[in-house]
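What follows is calculated from the coordinates using simple rules that are stated; it is not laboratory data. For clarity, every value in this text was computed on a predicted model and none was experimentally measured. Every residue, glycine as well, gets a Cβ built from its backbone with ideal geometry; the counts of neighbours run over all protein chains shown.
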Amino acid sequence: MVKVKVPATTANLGPGFDTMGMALNMYNTVEMDFHHSLDITISGVGMNDIDTDETNIVYQAAKMVFDKAGQECKGLRMHLHNEIPVARGLGSSAAAVVGGVVAANNLLGSPLNEQQLAELVTEIEGHPDNVLPALIGGIVIAGWGKEHLLYHKIKPGAQLQAIVAIPEFFLATKKAREVLPTQVSFQDALFNVNRASLVVSSLLTENYELLSEVMEDRLHQPYRSDLIPGMNALIERTKQVGAIGVVLSGAGPTMLALTIDNSDAVAATMQQVFTEYGIRCTVRRLVPIM
Ligand code: HSE
């Protein structure tokens, strides 16, 4: 039997759409063993919303590792314990994919190396920004090269805290991607290249004064704001009480605030603004992990 623990992730970090993500200290756990048939049990959040048949994402991801390794998969016994809320922008689907792939790889004696695992999970998920930090931790910048997935991991600064306001409603990533344009202006592309580059430099140098001015985006957040009531007000007011950067977490609806101090005021303001807009939410204080 193998057991793997996969962290939640927050993708995009504002301007790094489909490119950057950060692992957070909230986890799903996958226990997996060989079995003559498929036997899946689930505990934790969203346990009644998750399939326990062959359509289960963890199982499907695991099966792809068996296929790649040329091993027959007669069935599996799995217990999934979930802390990451489903369809809220905290990487629950990435955690399922990574959990399935890593557990199956461990069970088979590691036929795939890290690069192969990174490429497989990105192919399954469609983009690397959640799956890569879920796989290797830290803050990861990733994208496809001509032949391979290119990625680089940054160690998060020790002072950095991540406060997330998780609304009660679900927002499917598919729906949050359907509102995105197929083309953007040259000015908006330039704006995001500039901001994303400065986000990376400020994270590398732990220059949080700079970071506080550059977590801005023009490629996805403006188009998604109608799907998250109060999003713009929450960004503005949470910045006013001292958050370094406030952005949509992944495809939403969760909002992420990065802080060093003032975390009480930041957490209270996030809760307050969502409440004013009639959105019930849970605020959690997390930290980025390596
Ligand atoms: N980069 C993705 C998005 C993350 O914003 O749609 C969610 O899968």
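Would you mind putting 4-15, 77-88 in packing order, based on average other-beta-carbon counts within 10 Å, highest first? Before the final figure, lay out each step's value.
Values: 4-15: 26.7, 77-88: 21.0.
Descending packing order for the listed peptides: 4-15, 77-88.
In which sequence would Met64, Met270, Met1 go, from the one with the fewest C-beta neighbours within 10 Å to the one with the most? Could you put the intermediate results ahead of the total?
Working: Met64 19, Met270 27, Met1 12.
The order, fewest Cβ neighbours first, is Met1, Met64, Met270.
Which of rounded, prolate, oblate describes the chain, given a ≥ b ≥ c as roots of the alpha-carbon gyration tensor eigenvalues and a/c under 1.5 marking rounded, otherwise prolate only if a/b is larger than b/c?
Here the chain falls in the prolate category.
How high is the relative contact order of region 92-250? Use alpha-carbon pairs under 8 Å, at least six apart in sequence, and give a whole percent. Mind dumping the intermediate values first?
Numbers: 135 pairs, mean separation 23.1, N = 159.
Normalised by residue count, the contact order of region 92-250 is 15 percent.
What is the extension gain from Ser110 to Arg280, computed as 0.36 nm multiplied by their sequence separation minus the C-alpha to C-alpha distance, in nm to one decimal? Before the final figure, lay out the partial values.
Numbers: separation 170, 0.36 × 170 = 61.20 nm, distance 4.32 nm.
Difference between extended and current length: 56.9 nm.
Under 30 Å Cα to Cα from Lys5, which lysines show up? Leave out anything in the same chain fewer than 8 places away.
Within reach: Lys63, Lys68, Lys74, Lys153, Lys155, Lys174, Lys175.
Can you give me the distance in nm between label points at Asn207 and Glu54, each placed 7 Å from the Cα along the Cα-to-Cβ direction?
Inter-label distance under the simple model: 5.5 nm.
Note down the nm distance, to one decimal, between modelled labels 7 Å out along Cα→Cβ at Ala172 and at Thr41.
3.1
Return a whole-number percent for the relative contact order of region 207-290, with Cα pairs under 8 Å and 6 or more residues apart as the contact set.
This gives 26 percent for region 207-290.
What list do you get for Glu276, Glu216, Glu147 if you sort them by fewest beta carbons within 10 Å? Kindly include the intermediate steps, with their values, before the conclusion.
Working: Glu276 13, Glu216 18, Glu147 7.
Listed from fewest to most nearby Cβ atoms, that is Glu147, Glu276, Glu216.
With a Cα-only, solvent-free Debye model of region 1-149, what are the log10 I(q)/I(0) values at q = 0.15, 0.20, 0.21 Å⁻¹?
Taken in order of the listed q values, log10 I(q)/I(0) reads -0.69, -1.20, -1.30.
With a length cut of 15 Å (Cα positions projected on each helix's long axis) and a Kyte-Doolittle mean of at least -1.0, go through the chain and give me the DSSP H helices that pass.
Values: long enough: 57-68 (17 Å, 0.42); 92-107 (22 Å, 1.26); 114-125 (16 Å, -0.30); 186-205 (29 Å, 0.77); 263-276 (20 Å, 0.16).
Membrane-span-like by this rule: 57-68, 92-107, 114-125, 186-205, 263-276.
Report, please, the projected area of region 151-274 averaged over directions, based on the convex hull of its C-alpha atoms, in nm². Could the numbers behind the result be given before it?
Values: hull surface 32.3 nm².
So the Cα hull casts an average projection of 8.1 nm².
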